[in-house]
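Asker: Before anything else, here's the structure in question.
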Amino acid sequence: MAALHTVPDFVKYDEQEDALVDFLQSFKSSSTEAAEQLESLNINGDGDSDEYDMVDDTDDPAADTRRTRNSKVKYMQMLQDVADRVKTEILIDLNDLEAYEKATSDDEHQFKLVESIEQNAHHYIEVFSRAVDKVLPPPSREPNFKDDVLDIVMTQRSKRNERMQELQGGEEGAQPPPESIFPAALTRRYTLNFKPRIQAGSSSQRNMKALAVRSVRGEHIGRLITVRGIATRVSDVKPSVQVNAYSCDRCGCEIFQPVTTKQFTPMTECPSDECKKNNTKGQLFLSTRASKFLPFQEVKIQEMADQVPVGHIPRMMGIHCHGALVRQINPGDVVDIAGIFLPTPYTGFKAIRAGLLTDTYLEAQHVTQHKKAYDDIVLAQPTLRRMNELERSGQLYEYLSRSIAPEIFGHADVKKALLLQLIGGVTKEVKDGMRIRGDINVCLMGDPGVAKSQLLKYITKVAPRGVYTTGRGSSGVGLTAAVIRDPVTDEMVLEGGALVLADNGMCCIDEFDKMDDGDRTAIHEVMEQQTISISKAGITTTLNARTSILAAANPLYGRYNPNISPVENINLPAALLSRFDVLFLILDTPTRDSDEELARHVTYVHMHNAHPEPAGGVVFSPAEVRQWVARARSHRPTVPKDVSDYMVGAYVRMRQQQKRDEGSKKAFTHTSPRTLLGVLRLAQALARLRFASQVISEDVDEALRLIEVSKASLYADENRRDDYTPSSKIYHLIKTMEASGAAAVGDGGELDLRRVRERVLAKGFTADQFEQAIDEYAMLDVWQTTGEGSRLVFIEAGNEDLEMDDDF
């Protein structure tokens, strides 16, 4: 019979391994920044845990010299940390390998290492691991009782083997060193992962781009690919066995069984030479402490909404995460996952049903988060410098609020409220365990066509954990949590809804008025207690839902009807309305000037596919807004005594104003202690935006103004015939301050003229315009100045107040 034709070995793995060894030993990082980032990649925290502080590790001078010598050699420094048990992950950046290849390759030695790794990544993990084993430096200190049990066992065995060899005088039958006894998977105290190449601007190679789940084909099997999706389900972290260790009850020999497949058969008989020679067939017992386990987590990702073709449903893909990659993905995260696309056969009963079919999964190598949480955002130095410059200008509040949905015309105060909602107040926990929420809830109630839904979509884009849902399309269970049967374990488990997914983020609910009353009551607990309590199917638990809620709703009958009261128009229960800190009523009233400006803005956006340049000039991108918000949220401002007293006075005046509004049928929200907490949260958010440690009275004034201006659309009918001169605008501004109690002095309705002047000038008016408006309205007997020009008193308003107080 003729022998099979032998095919020459095209890939020279030994030579490639030598090239990889040289790469690890000689590659130097191009920038000091990369080295600093690598130093901060300390996965296990500090090397020594706080439990064992009584042990003082002696500083090894040899280690210090080795560290300084290797400080620029990127991977040798990483390997030294692995040897010292500081790190457990080695991340090989393929960009570095590509740069090394370009620098060292010649015509004779072209190994195409990067290309080989991308096409056969699973095998090259083993090749790279062998190269790492060759150059792994010795640890810079002796192992002690803090270390892993395997380190102690290996140290003892190597010493015992040395002693045995000395006693036997180096005979041929001497026991081999432990490296030959232990499988490689057991001695490697690290996980090796590849970071994919970053696509250059000019490069158009398809394999570097992030693929949609439906774009992954059979040709990608075994290759390193990057897939984009949103994580829908994340399993618990479980230990996955890599090497099983057994001990024999007869000869005491240790046997190791590497596990590389999904299923394996445990060994029962001892295969050692001693047991075979004596024919004793010793029984093996599993030794769990000497076995090696890796953390394992399964993640399900789903296609993004914009990747799904018309008429199709989103596809899912399973992701397997090992080692350092577990706990990096949370449900709701938008991620790019680089990994190896591999097939896996069905097992158990599924195999009978599946027949010849095979399942596929992605073995994760590197995870890139699209929107990092506020705590994880690291600000670069140029960004910080720019922040400090703009902070000194004092216009930061205006610039940032203008940057929220710049394509949408107007709504300046609504955007300011949304900016403060992104920043949020300070959540406090009292000693007895009671929590006072710091998240701000906002409701936008308005006529159709005032861009409510677009504002909600933008906020979802800016917030790191933004969830968008609609009233009709979501049930109470879909918002809170559902009890489902887990397909793998067949147990009843909880699956979080939209509010749980938006934990520490924003939940935007559109068409809030279209929700069923039963579903809407599910939100009550979330909005105040920020928890979800569940008692279903034998599961009684409380889930966290520390989320800010932004709701958009239409009035009853679609448009606002001025002939009936605001309460009837809004048509939401009082228990729900009181939980919103700010309720904006946005009416679409026709006015010639504003309609013309709006039409110009909309047509400009359609023509140029961009928003018009604002007068101030500075507009930030959503990513920059997120950085500002991240920096602002790191501050925890407090409320001093004088501001606290000022807030108490303002609250009392708001209660009086509400009583008057109820008499004139203009009240649409009830002023309750929750309103006071809402003012406090808005003031804290304003203080955070100034990066300050204390709230000042100007913050309270602005918070009161926002709450007052949220009702301004109601009174727009009265002001229909007003002119738009600077004097009229200043009058309306001062009138709003008087109504909200901002800049008030005492209880007589007097305003502090100095603070009024500061507020008016901050709005962009000149000092001459302010003086002219004061004189003009003083001649009309609308107000007058007292106290040698330091106070401003509304003449009619004061008299009306006194009459109303007499009626009470």
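The values are calculated or read from the model by the stated rules, or taken from the named source; none is laboratory data. Just so it is clear, the structure is predicted and the values come from calculations on it, not from any experiment. In this analysis, Cβ positions are derived from the backbone assuming ideal geometry, glycine residues included, and neighbour counts consider all displayed protein chains. Accessible surface areas use protein heavy atoms only, side chains included; no ligands, DNA or RNA. Shrake-Rupley method; radii C 1.70, N 1.55, O 1.52, S 1.80 Å.
Asker: With a sphere of radius 11 Å drawn around the Cβ of Val426, what net charge do the other residues whose Cβ falls strictly inside it have (Lys, Arg +1; Asp, Glu -1)? Numbers along the way, then the final one.
Answerer: Working: positive: Lys428, Arg437, Arg633, Arg636, Arg681, Arg688; negative: Glu429, Asp439.
Net charge in that neighbourhood comes out at +4.
Asker: Please list log₁₀ I(q)/I(0) at q = 0.16, 0.25 Å⁻¹ for region 247-329, using the Debye equation with identical point scatterers on the alpha-carbon positions.
Answerer: -0.77, -1.16
Asker: Any idea which of Asn388, Ala417, Ala405 is furthest toward the positive side of the dipole for region 384-449, if Lys and Arg beta-carbons carry +1 and Asp and Glu beta-carbons -1?
Answerer: Value: Asn388.
Asker: Just how far, in whole angstrom, is region 607-653 from region 306-375 if you go by their alpha carbon centroids?
Answerer: 39 Å
Asker: What is the percent carbon and sulfur in the accessible area of region 381-713, measuring with a 1.4 Å probe over the protein chains and ignoring ligands?
Answerer: 52 percent
Asker: Going Cα to Cα from Lys641, which lysines come in below 26 Å? Please leave out same-chain ones fewer than 8 positions away.
Answerer: Lys428, Lys431
Asker: Count charges around Asp447 for me, please; just the other residues with Cβ under 12 Å from its Cβ, Lys/Arg as +1, Asp/Glu as -1.
Answerer: My count for the surroundings of Asp447 gives +1.
Asker: On to the next question. In what sequence, highest mean first, do 750-759, 330-339 appear when ranked by Cβ atoms within 10 angstrom?
Answerer: Listed from highest to lowest mean packing, they are 330-339, 750-759.
Asker: Reported to two decimal places, what Rg/Rh ratio describes region 284-380 when computed on Cα atoms with Rh from the Kirkwood expression?
Answerer: Reported Rg/Rh (Cα atoms, Kirkwood Rh): 1.07.
Asker: Using a 1.4 Å probe on the protein heavy atoms only, what accessible surface does Ser621 show? Give it in Å² to the nearest 10.
Answerer: Solvent-accessible area, nearest 10 Å²: 50 Å².
Asker: Accessible area, 1.4 Å probe, largest first: how do Leu384, Leu682 sort? Mind showing how you got there, number by number?
Answerer: Working: Leu384 45, Leu682 0 Å².
Most to least solvent-accessible, the answer reads Leu384, Leu682.
Asker: Express the accessible area of region 323-462 per residue in Å², computed with a 1.4 Å probe while the remaining protein chains stay in the model.
Answerer: Ligands and nucleic acids excluded, the result is 47 Å² per residue.
Asker: Starting from the exponent 0.38 and prefactor 2.2 Å, build the expected Rg for region 726-794 from its residue count and divide its actual Cα Rg by it.
Answerer: Expressed relative to 2.2 N^0.38 Å, the Cα Rg reads 0.98.
Asker: Label region 381-713 by shape, choosing from rounded, prolate and oblate, from the square roots a ≥ b ≥ c of the eigenvalues of the Cα gyration tensor; if a/c is under 1.5 it is rounded, and otherwise prolate applies when a/b is larger than b/c, oblate when it is not.
Answerer: The shape class here is rounded.
Asker: What number do you get for region 208-369 when its Cα radius of gyration is normalised by 2.2 N^0.38 Å, N = residues?
Answerer: On the way: Rg = 20.6 Å, N = 162, 2.2 N^0.38 = 15.2 Å.
In units of the 2.2 N^0.38 Å rule of thumb, it is 1.36.
Asker: Might you work out the accessible area of Glu363 for me, using a 1.4 Å probe with all protein chains in place, and round it to the nearest 10 Å²?
Answerer: 30 Å²
Asker: Using only the Cα atoms of region 387-544, each taken as one equal point scatterer with no solvent, compute I(q) by the Debye sum, divide by I(0), and report log10 of the ratio at q = 0.12, 0.21 Å⁻¹.
Answerer: -0.64, -1.42
Asker: Got a sec? What order do Arg353, Arg633, Arg188 fall in by accessible area at 1.4 Å, biggest, i.e. largest, first?
Answerer: Values: Arg353 210, Arg633 75, Arg188 25 Å².
Result, largest first: Arg353, Arg633, Arg188.
Asker: Taking H placed 1.01 Å from N in the peptide plane, check which residues at least 5 places from Ser291 or on another chain put their amide H under 5 Å from its amide H.
Answerer: For Ser291, whose amide H was placed from the backbone, the distant partners under 5 Å are Ala245.
Asker: Count the net charge of all other residues whose Cβ sits under 13 Å from the Cβ of Val639, scoring Lys and Arg as +1 and Asp and Glu as -1.
Answerer: Details: positive: Lys428, Arg636, Lys641, Arg681, Arg688; negative: Asp642, Asp645, Asp699.
Residues close to Val639 contribute a combined charge of +2.
Asker: I'd like the distance separating the alpha-carbon centroids of region 516-580 and region 395-451, in whole Å.
Answerer: The two parts, judged by their Cα centres, are 18 Å apart.
Asker: Considering only protein heavy atoms and a probe of 1.4 Å, how much of the accessible area of region 726-794 is carbon and sulfur, as a whole percent? Each step should come with its number before you reach the end.
Answerer: Numbers: 1660 of 3420 Å².
Carbon and sulfur atoms account for 49 percent of the accessible area of region 726-794.
Asker: For Ser240, enumerate residues with amide H under 5 Å from its amide H, sequence gap 5+ or separate chain, H modeled in the peptide plane.
Answerer: Leu294, Phe296
Asker: Work out the charge dipole of region 381-713 with +1 on the Cβ of Lys and Arg and -1 on the Cβ of Asp and Glu about the Cα centre, then indicate which of Cys508, Thr542, Val648 is farthest towards its positive end.
Answerer: Val648
Asker: Ranked by accessible surface with a 1.4 Å probe, highest first, in what order do Lys735, Lys431, Lys350 come? Write down the numbers at each step before the final one.
Answerer: Numbers: Lys735 75, Lys431 210, Lys350 120 Å².
Highest to lowest solvent-accessible surface, that is Lys431, Lys350, Lys735.
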